[in-house]
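Here the structure is laid out as structure tokens; the discussion comes afterwards.
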Amino acid sequence: MRKPYPFDRIEPKWQAAWEAARTFHVPNPGEPGFDPAQPKYYVLDMFPYPSGAGLHVGHPIGYIATDIIARFKRMRGFNVLHPMGWDAFGLPAEQYAIKTGQHPAITTARNVARFKKQLEIIGLGYDWQREINTTDPGYYKWTQWIFLQLYNAWFNPATNKAEPVSTYTGEDVDSVRLAYVSEAPVNWCPALGTVLANEEVIDGKSEVGGHPVERRPMRQWMLRITAYAQRLIDELDGLDWPESIQLLQRNWIGRSEGAEVHFPILSATQAEGSEELTSSGAMNWMRIGGTHVTVFTTRPDTLFGATYMVLAPEHKLVDAITTEEQWPAVRDYRERTARKSDLERTELSKEKTGVFTGAYAINPVNGERIPIWIADYVLLGYGTGAIMAVPAHDERDFEFAQKYALPIREVVSPEPRLSGGGTSPCDMPLLECFAGEGYAVNSAIIDGLPTAEAKVKITAWLEERGLGKKTINYKLRDWLFSRQRYWGEPFPIVWEHGKHRPLPENELPLTPPPLDDFKPTGTGEPPLAKATEWIRYSENATRETNTMPQWAGSCWYYLRYCDPGNAARFIGETAERYWMGGKPDVSASAESRTAAKTIVGSSGDPAGMANTIVGSSGDPAGTAKTIVDGPGDPAGTANTIVGSFADHAGTPKTSAGTPAEASRMRPGGVDLYVGGTEHAVLHLLYARFWHKVLFDLGHLSTPEPFQRLVNQGMMLGEDGQKMSKSRGNVVNPDDVIAEYGADAFRCYEMFMGPLEQMKPWSMTGVEGVSRFLARVWRLIMEEKQDGSWALSPGVQETEPDKAQLKVIHGTIKKVTGDIETLSFNTAISAMMVFVNAFTNAEVKPLSAMRTLLVLLNPFAPHLTEELWETLGGTSTIANQPWPSFDESYLVEDEIEIVLQINGKLRDKIVVRKDATKEQVEAAARDSAKIAEWTAGKEIKKVIVVPGKLVNIVVG
RNA sequence: GGCGGCGUAGUCCAACGGCAGAGACAGGCGACUUAAAAUCGCUCCAGUAUGGGUUCGAAUCCCAUCGCCGCCA
């Protein structure tokens, strides 16, 4: 096929030129060529796993978006950090190794090369001097080092931050370490031969491969992320993340406020004798240390309605309390439960099942004797593994009580009213479950109180008597951090006499042993156990044989990019403070730096950790004032953020066209982070957790890793279905680029629609964008008889006329604003308008063409480089300054005003742009059509919107 | 079941609460051509999922319903 313009020649040419000139390399502070006068901008893509399948057209959307931003920011005078690397440890490579016997390092290297090539032909301007790979010993040395930081730290609740274990005064340090060993039941996947984190188990199956997963107790390394639950919620506040992602994280952490309540348990004989205990009896019971079950409830106000109790079938106490008569039924039920997954157990649609244990507990608020059941709808992992059942006010308890004829007592009423409710077993199906809030009834001490007050009062009452206390519960579990794999980071830990201890730092990196057989042992013993020599650390000590999960390397990669070659530290302090600096974002462009200087701030804190920003002269709205930390707090414990943040979308613009972003505190270091929603919870939560630990321990200067997060939407196949091999609708970028060129590919991906939105691929759509680029080409080039291209004689050094100036400056304004808000589709549309406006002009002013090329450069870098060179540009266009616009070219002397009657368009008039309200209204009344519409009617009101419209309300 | 997001021409998508159209695809017509492709020009096409509400004025804000998508159960 004949090419509309010679992209096949110019694209490789410029890719080679950028590589040779290291155009997109950015030096670090202190290195030659570093310009300290320029502000930094760190724009990051989510870390790719280089799979054997290569890229499909959905993957690069985010990469193209960040590339446009990176190129744009460079032209705006920023030092732009825009790196790429490889999250190369992981299961697929290992399983391929098992199948083929080829070492995963070999296949990984091959996949990385393929991925890199695919990214290069898209023309992405990465700083490849900073390329990193998690499987590189120079990299995972520091992953292991960070693990040791976690191992050697504990979370001090008093200071609300991590501290070295040396500050821990308790007896057993091992019980508080942020990295600890646990024997708890884990998700064991026999097919994969490894344990999985809760997050890696979907619907009872492994996320990778969809294999069945079972619960099995094993010794595992855990990370104490739960210690950070509250901070992980609170510190989302200062971030520019989509509301929906923040919500996902909050829901995942799952904070709920409620109370722990202790229920004394009677043995079978005790239960015989005592029909009812009093609540003071329960107090005594607790005081003398009698057996009891603790439950967590978010509704302590319903305690009087707790008519029975349910334990998870695996609950430790079940063995102790079950009566002889009930034992066979209980044992049988437990066996059946063990075969079910958590999902099967909790699914609401399924019928509830359970068995009575024969034992009774005492409801501490009224001394009532209530039966204890076991049921699989109660999970050991949530809360305390036991619940108080309030059938009148909880759907699941209600269902259960109906099935087993247990008493249902109403204790909350939607309307305030006098007491009066049932205590008898449920044989009245008309009773409805009410789970909402209301007013307490049948609840003695809290009768009549609205739910919120009832909760407070009953909790205080329990607390006074030692029967319970206010508690905050989190759904978040500690992070299962070990895997029985070969292709992962070995733990820097050795075992001696059953005790673990860390390797000294100077023994890092700990490299995995060479191994020929990567197969799981099948026993749960990791593959590393086969390396008998390697395991042997000393006479008495052996190495830990588990490896770290894939998440480990991706938890801190964004830090390593800042200083990838540093052999002495995981990230150099200067580089960290520059690239990850949480300074206020006062300068959206280099031009506005002068304005930025007028902002009062900079505490002069040498550690660069505390900033106090007071107001900002560059903030037209005058609303954004943020205060963070105090200078006397170098470790940054007081990282609460006070004040409001300026709306990002509402960035005001000065007449010179340089956005003066409001002064704002930025707790996060990466300025823009783009990736898919699939990492909304796990990766982003884990990375934030590690970052906070490193921050607390004084290794980092900001409390959060990612300031602004954007999720790109999924790319669907041409059939509107999810792209997948099995559907056969996968489009390969290499093919698209071969046919239409990388620039067309880039522009099309951005032109399809908003970045965040899901959208279907369309080949004809690529063609349309390709036509647009060809029009740009022919604006400047002319085809000769022999088919070669030469500079068009239409391009001349003349001044654009007034109409052209309006187009030029309007386009600069639109494109600049749209790139800032990532509205790339409308930016391209604006440039199409520009091109259409000049296509038929006999003379194309050189300056206008140059402006267009600069605006288009971030989108279509190869085409614009080539044309820039043809137009006599000396240096690469990538180094050109971004054009500014002059608002005065955009205003018209006369403007059209819309005339409405009752909000409906009836006429249009033209008035001078500086016409007063009165003049506009008078002109409107002069309109013949308006006179017609208002004839004989009463004019009730006239709304005049200056420069826009006049609306006349008639009755 | 709960939470969140999205429903605008045949299609992808625009539209500070103010004339529903920036742009593109597809379609139609014309110019160029022996013809076609390419190119250039012109053009058709929706009253914004549905029903209420707020407002001088609603695609936009609020409520409900339906449909699709995501997350959690």
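The values are calculated or read from the model by the stated rules, or taken from the named source; none is laboratory data. Note that the coordinates shown come from a computational prediction; the quantities given were computed from them, not determined experimentally. Backbone-built Cβ (ideal geometry, glycine too); neighbour counts: all protein chains shown. Quick note on the areas: whole protein, heavy atoms, side chains included, nothing else; ligands and nucleic acids left out. Shrake-Rupley method; radii C 1.70, N 1.55, O 1.52, S 1.80 Å.
Exactly one residue among A:764, A:811 is crowded, with 16+ Cβ neighbours inside 10 Å, in a helix (DSSP H, G or I) and within 13 Å of RNA strand B (Cβ to nearest atom), and that residue is A:811.
Screening residue A:907 against (1) in contact (Cβ under 8 Å) with a residue 40 or more places away in the chain; (2) charged (D, E, K, R); (3) farther than 25 Å from residue A:751 by Cβ leaves a single unmet condition, (1). Only one entry of A:241, A:252, A:221 meets the criterion of being touching a residue at least 12 places away in the same chain (Cβ under 8 Å) and open to solvent by 20 Å² or more (accessible area, probe 1.4 Å), and that entry is A:252.
Residue-by-condition table, conditions (1) in contact with a helix residue (DSSP H, G or I) (Cβ under 9 Å, 6 or more places away or on another chain); (2) open to solvent by less than 50 Å² (accessible area, probe 1.4 Å); (3) not small (Gly, Ala, Ser):
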site: A:118; (1), (2), (3): yes, yes, yes
site: A:132; (1), (2), (3): yes, yes, yes
site: A:143; (1), (2), (3): yes, yes, yes
site: A:146; (1), (2), (3): yes, yes, yes
site: A:154; (1), (2), (3): yes, yes, yes
site: A:163; (1), (2), (3): yes, yes, yes
site: A:170; (1), (2), (3): no, yes, no
site: A:182; (1), (2), (3): no, yes, no
site: A:208; (1), (2), (3): yes, no, yes
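The residues of the stretch A:431-453 that are more than 37 Å from the chain's Cα centre (by Cα) and part of a helix (DSSP H, G or I), listed by number, are A:444, A:445, A:446. The C-beta contact set for the stretch A:755-776 (first residue over 27 Å from residue A:865 (Cβ atoms), second residue open to solvent by 30 Å² or more (accessible area, probe 1.4 Å) and within 6 Å of RNA strand B (Cβ to nearest atom), distance under 6 angstrom, 6+ apart or interchain) comprises A:759/A:752.
From the list A:235, A:214, A:260, the lone residue that is modelled with pLDDT under 90, away from RNA strand B (no atom under 16 Å from the Cβ) and acidic (Asp, Glu) is A:214. Candidates A:842, A:820: the one that is acidic (Asp, Glu) and within 18 Å of residue A:71 (Cβ to Cβ) is A:820. Only one entry of A:421, A:466 meets the criterion of being modelled with pLDDT of 85 or more, in a loop (DSSP other than H, G, I, E, B) and either within 40 Å of the chain's Cα centre (by Cα) or not charged (D, E, K, R) (or both), and that entry is A:466.
All conditions in (1) surrounded by fewer than 22 Cβ atoms within 10 Å (Cβ to Cβ); (2) closer than 30 Å to residue A:489 by Cα hold for residue A:20, with the sole exception of (2). Tell me, which residue of the stretch A:864-913 that is within 16 Å of RNA strand B (Cβ to nearest atom) and of a type in the set (S, T, N, Q) is surrounded by the most Cβ atoms within 10 Å (Cβ to Cβ)? Among those that are within 16 Å of RNA strand B (Cβ to nearest atom) and of a type in the set (S, T, N, Q), it is A:900.
State whether one or more residues within the stretch A:687-701 are farther than 22 Å from residue A:84 by Cβ and without any contact (Cβ under 8 Å) to a residue 60 or more places away in the chain. Checked the stretch A:687-701: at least one residue is farther than 22 Å from residue A:84 by Cβ and without any contact (Cβ under 8 Å) to a residue 60 or more places away in the chain. Filtered by the rule that a residue be farther than 13 Å from residue A:903 by Cβ and within 16 Å of RNA strand B (Cβ to nearest atom), the stretch A:927-939 gives A:927, A:929, A:930, A:934, A:937, A:938, A:939.
Here the stretch A:751-761 is the region considered, the condition is being touching a helix residue (DSSP H, G or I) at 6+ places or on another chain (Cβ under 8 Å) and open to solvent by less than 30 Å² (accessible area, probe 1.4 Å), and the residue that is nearest to RNA strand B (Cβ to nearest atom) is A:753.
Conditions tested, residue by residue: (1) in a helix (DSSP H, G or I); (2) farther than 20 Å from residue A:888 by Cα; (3) within 13 Å of RNA strand B (Cβ to nearest atom).
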| position | (1), (2), (3) |
| --- | --- |
| A:773 | yes, yes, yes |
| A:779 | yes, yes, yes |
| A:787 | no, yes, yes |
| A:800 | no, no, no |
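Considering only residues in the stretch A:914-926 that are under 12 Å from residue A:944 (Cα atoms) and acidic (Asp, Glu), the one that is nearest to RNA strand B (Cβ to nearest atom) turns out to be A:921.
Got at least one residue in the stretch A:25-43 being in contact (Cβ under 8 Å) with a residue 12 or more places away in the chain and within 30 Å of residue A:789 (Cα to Cα)? No, the stretch A:25-43 has no match at all. A residue that is β-branched (Val, Ile, Thr) and either free of Cβ contacts under 8 Å to residues at least 24 places away in the same chain or open to solvent by less than 40 Å² (accessible area, probe 1.4 Å) (or both) cannot be found anywhere in the stretch A:503-516. Put simply, of A:439, A:486 the only residue that is modelled with pLDDT of 85 or more, open to solvent by 30 Å² or more (accessible area, probe 1.4 Å), among the aromatic types (Phe, Trp, Tyr) and touching a helix residue (DSSP H, G or I) at 6+ places or on another chain (Cβ under 8 Å) is A:439. Within the stretch A:822-838, residues that are among the β-branched types (Val, Ile, Thr) have Cβ atoms under 6 Å from residues that are open to solvent by 30 Å² or more (accessible area, probe 1.4 Å) in these pairs: A:828/A:751; A:835/A:775, counting only partners at least 6 apart in sequence or on another chain. Within the stretch A:661-710, being touching an Asp or Glu at 6+ places or on another chain (Cβ under 7 Å), part of a helix (DSSP H, G or I) and within 16 Å of RNA strand B (Cβ to nearest atom) holds for one residue alone: A:682. Scanning the stretch A:712-725 for residues that are within 15 Å of RNA strand B (Cβ to nearest atom) and either in a loop (DSSP other than H, G, I, E, B) or buried (at least 22 other Cβ atoms within 10 Å of the Cβ) (or both) returns A:712, A:713, A:714, A:717, A:718, A:719, A:720, A:721, A:723, A:724. Determine whether the stretch A:524-531 contains at least one residue that is acidic (Asp, Glu) and either over 30 Å from residue A:256 (Cα atoms) or assigned to a loop (DSSP other than H, G, I, E, B) (or both). For the stretch A:524-531, residues acidic (Asp, Glu) and either over 30 Å from residue A:256 (Cα atoms) or assigned to a loop (DSSP other than H, G, I, E, B) (or both): present.
Taking the criterion of being touching a strand residue (DSSP E or B) at 6+ places or on another chain (Cβ under 6 Å) and hydroxyl-bearing (Ser, Thr, Tyr), the residues of the stretch A:508-556 that qualify are A:537, A:542, A:547. Of all residues in the stretch A:518-539, those that are touching a residue at least 60 places away in the same chain (Cβ under 8 Å) have Cβ atoms under 8 Å from Cβ atoms of residues that are among the small types (Gly, Ala, Ser) and part of a loop (DSSP other than H, G, I, E, B), 6 or more apart or on another chain, in A:519/A:193; A:520/A:193; A:521/A:193; A:522/A:193; A:524/A:193.
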